[in-house]
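> Please see the structure below; I have some questions.
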Amino acid sequence: MMPELKSHPYFLRPRSHNPDYPLFVFLPGMDGTGQLLRSQMPSLAAAFDVRCLVIPPHDLSHWEDLANHVVSLITKEISQRRCQSVYLCGESFGGCLALKVSLSAPHLLHRIILSNPATSVSQPSWLLWGSQWLGVLPDNIYHLSTLTLLPALSSLNRMVPSNRRALLDAMRSMPAKTMHWRVSMLRNFKVHPGQLEQLTQPVLILASAADRLWSSVAEAKFLVKYLPNATMSVLPKSGHACLLETDVKLFEILKQQNFLDFSLPQPETEPDLSEIIGVEG
């Protein structure tokens, strides 16, 4: 169920959650819905206390404001829990935000996961230079145009129909003005190698070899070069929105990459993922 959106960024969480588990914070792509971790939730929720950031559809915050808000939300969560470990996971646009959050408050974070981060540090994406028209499109025309963008965002043949529909709905959840603004944020995103070298936490970068939107493998190689404790995992057949693909199991990748440093807890009951609720910050 899609909860009522608020006027500022906030966290979603499963109704059943456990403060004894490490906190797993997911920062979404440009859609900002926080709903597209759906395929990964059952396995992640068995070992993590999951939160998904929601950025309201009319939110036009700058990087610094968004990062500060996420830091405040994480700080509040930490103050209410016994387990202090925080895993920060950013996808695409959320990968940029994850780097901003990490540079702003590195002391809060235990490990960092970047899935096809839209940093474009090594080279620009065609989306950044071909999106000027978004600001003048009426919302109804923009919503129709999302159908043409869908193949660029994903390997549709690797998704079940419900996830393809969820991706389309997420793209259509924000007005054209917001899409234009968030693309402009990516165009103006800056992070310097010297800043990356300050992040000493373990970082895992997922890079889709079949990404039609970004040069994700080249970007991951660039980031690994400067992040002092980073590794990359290449997904040879995956598209940009890889976390919605049936064969991509994020928790299994974390295990394979030895990215988990705790004894996996055994929950007494299965986590209730039937509904998510908003958590105010």
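All of the numbers you see were taken from the coordinates with simple rules; none came from a lab. The shown structure was predicted, so the numbers you read here are calculated from the model rather than taken from an experiment. Every residue, glycine among them, receives a Cβ derived from its backbone with ideal geometry; neighbour counts consider all protein chains shown.
> If you plug each phi of the stretch 89-102 into the Karplus form 6.51 cos²θ - 1.76 cosθ + 1.60 with θ = phi - 60°, what whole-Hz ³J(HN,Hα) values come out, in order, with x for Gly and Pro?
So the J values, rounded to whole Hz, are 10, x, 10, 6, 3, x, x, 4, 4, 4, 5, 4, 5, 5.
> I would also like to ask the following. Which net charge results when you count Lys and Arg as +1 and Asp and Glu as -1 among the other residues whose beta-carbon is under 9 Å from that of residue 66? Could you put the intermediate results ahead of the total?
Details: positive: 100; negative: 59, 64, 65.
Net local charge, residue 66 excluded: -2.
> Another question about this same structure. With θ set to phi - 60° and the Karplus curve 6.51 cos²θ - 1.76 cosθ + 1.60, what are the ³J(HN,Hα) couplings of the stretch 26-36 in order, to the nearest whole Hz, using x for Gly and Pro?
Once rounded to whole Hz, the list reads 9, 9, x, x, 4, 4, x, 6, x, 9, 8.
> Between the alpha-carbon centers of the stretch 148-209 and the stretch 72-123, tell me the distance in whole angstrom.
15
> Which peptide among 195-201, 240-246 comes first, and what is the full order, when sorted by highest mean count of other Cβ atoms within 10 Å?
Numbers: 195-201: 15.6, 240-246: 24.3.
Descending packing order for the listed peptides: 240-246, 195-201.
> Another question, if that's okay. Can you compute 3J(HN,Hα) from phi for each residue in the stretch 44-53, using the Karplus curve 6.51 cos²θ - 1.76 cosθ + 1.60 with θ = phi - 60°, rounded to whole Hz and x for Gly and Pro?
5, 5, 7, 9, 10, 9, 8, 10, 10, 6
> Can you give the net charge of the other residues whose Cβ lies under 12 Å from the Cβ of residue 166, counting K and R as +1 and D and E as -1? Could the numbers behind the result be given before it?
Working: positive: 38, 164, 165, 172; negative: 31, 169.
Around residue 166, the charge tally is +2.
> Determine, for 226, 10, the number of other Cβ atoms within 10 Å of each Cβ, and report the residues in order from fewest to most.
Going from sparsest to densest Cβ surroundings: 226, 10.
> Between beta-carbons, use under 13 Å as the cut-off and find the net charge around residue 106, counting Lys and Arg +1, Asp and Glu -1. Working shown, then result.
On the way: positive: 100, 111; negative: 197.
The answer is +1.
> Would you please state the base-10 log of I(q)/I(0) at q = 0.15 1/Å for the stretch 187-229, with intensities from the Debye formula using one equal scatterer on every alpha carbon?
Relative scattering, expressed as log10 I(q)/I(0), comes to -0.41.
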